[in-house]
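Taking it in order: structure first as structure tokens, then the write-up.
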Amino acid sequence: MKQTILSILDLTADEIDTLLDDAIRLKKERADGVAHHHLDGKTLGMIFEKSSTRTRISFDVGMYELGGYALYLNPRDMQLDRGEAIPDTARVLSRYLSAAMIRANSHGSIEIFSDYSTIPVINGLSDKEHPCQILADLMTLKERFGDLSGLHLAWVGDGNNVCNSLILSTILTGMKVSVAVPPGYEPDPDCIRRAEARGNVTFHKTPEEAVAGADAVYTDTWISMGNEDEHDARLKAFAPYSVTSALMSNASEDAVVLHCLPAHRGLEITDEVLDGPQSAVWDQAENRLHAQKALLVALIGKRD
């Protein structure tokens, strides 16, 4: 496995299969009270340029449960805030830490850090991709449906970083992803090109077309961090893309709903759907912990 997991495509299909199997096993063993010490003596530095609930807590708890230690690093409390170069920070932290996880405003910042780092670097979220989220999503789908190959997932809403990683994941999983986004809010052009060349991705004019017959329907906030100045324009553009019970009636009878949270209830998703029987959102959120534990063990620990 590569030391840098900046994109979902930094993993192979076989590596994803192994990670998902390990995550499901770790989840079961945690429920059974089995203690793991795969990361005894290991330290993860977590650099957060953006606020976080699930990413911070799941990595922190995951390191603790595996016997390691997670160190929260706020750039405003580091010399980065006073102009220290990213390469210099990467060189120094590589001598202290076992691995680094970075939640950054710019994907380029993580790439620079990785270029000068001698330890594994994990993209905890950037403006381009969110591979850790996708691992949890794939784990959730595997728990619900078993084999991912041929599974039909519909993405409705913003063509953001999660959408970018999701469409790229089709190259590795054999899933079909159908996408409905408002004009002007499409996924990254490079991600589209790569996904269409090697994966199974289709784009649709309406949410109803994308959701038709889908096994899973996925949405995310319409206004991500950094898009706050577009608030009014986005609300207007995305209004027809809300995941409602009426929209879900177009999906398969046993379809599940995914949302990577935080949810803005009544906007991209209704209470009735988010809290309803088709929602897999809370399992999905929990699985951030288990998927990331499997990733950390693979990168810096020992597997049984």
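The numbers here are math on the coordinates, done by the rules we state, and not lab data. All figures in this text were calculated on a predicted structure; none of them were measured in a lab. Don't worry about glycine lacking a Cβ; one is built from the backbone with ideal geometry, like all the others, and counts go over all protein chains shown.
Only Cα sites of the chain enter the Debye sum here, all with the same form factor; the resulting log10 I(q)/I(0) across q = 0.12, 0.13, 0.14, 0.15 1/Å is -0.77, -0.90, -1.05, -1.19, listed in q order. Listed by chain and number, the aspartates and glutamates placed with their C-alpha closer than 17 angstrom to that of Lys142 are Asp14, Glu15, Asp17, Asp21, Asp22, Asp215, Asp254, Asp283, Glu286; residues fewer than eight positions away on the same chain are left out. Extension gain for the segment Thr244 to Thr12, taken as residue separation times 0.36 nm less the Cα-Cα distance, is 80.0 nm to one decimal. Along its three principal directions, the equivalent ellipsoid of the stretch 211-283 from the Cα gyration tensor extends over semi-axes of 23, 13, 10 Å, largest first. For Lys42, a cut-off of 14 angstrom between C-alpha atoms picks up these aspartates and glutamates, skipping any fewer than 8 places away in its own chain: Asp60, Glu65. The lysines within cross-link reach of Lys236, meaning a Cα-to-Cα straight distance under 28 Å and a gap of 8 or more places when in the same chain, are Lys50, Lys128, Lys205. Ordering of 234-245, 170-181 by packing is 170-181, 234-245, highest average first (other Cβ atoms within 10 Å, averaged per residue). Rg and Dmax of the stretch 102-202, based on Cα coordinates, read 14.2, 41 Å.
Given axes a ≥ b ≥ c from the Cα gyration tensor, I'd like to know whether the stretch 1-131 is rounded (a/c under 1.5), prolate (a/b larger than b/c) or oblate. Taking the square roots of the gyration eigenvalues as a ≥ b ≥ c, the stretch 1-131 is prolate. For the stretch 27-99, what does the alpha-carbon gyration tensor say about shape, rounded, prolate or oblate, given a ≥ b ≥ c as the root eigenvalues, a/c under 1.5 as rounded, and a/b over b/c as prolate? Here the stretch 27-99 falls in the oblate category.
Shape annotation for the stretch 133-284: C-alpha extents along the principal axes are 40, 36, 25 Å, from largest to smallest.
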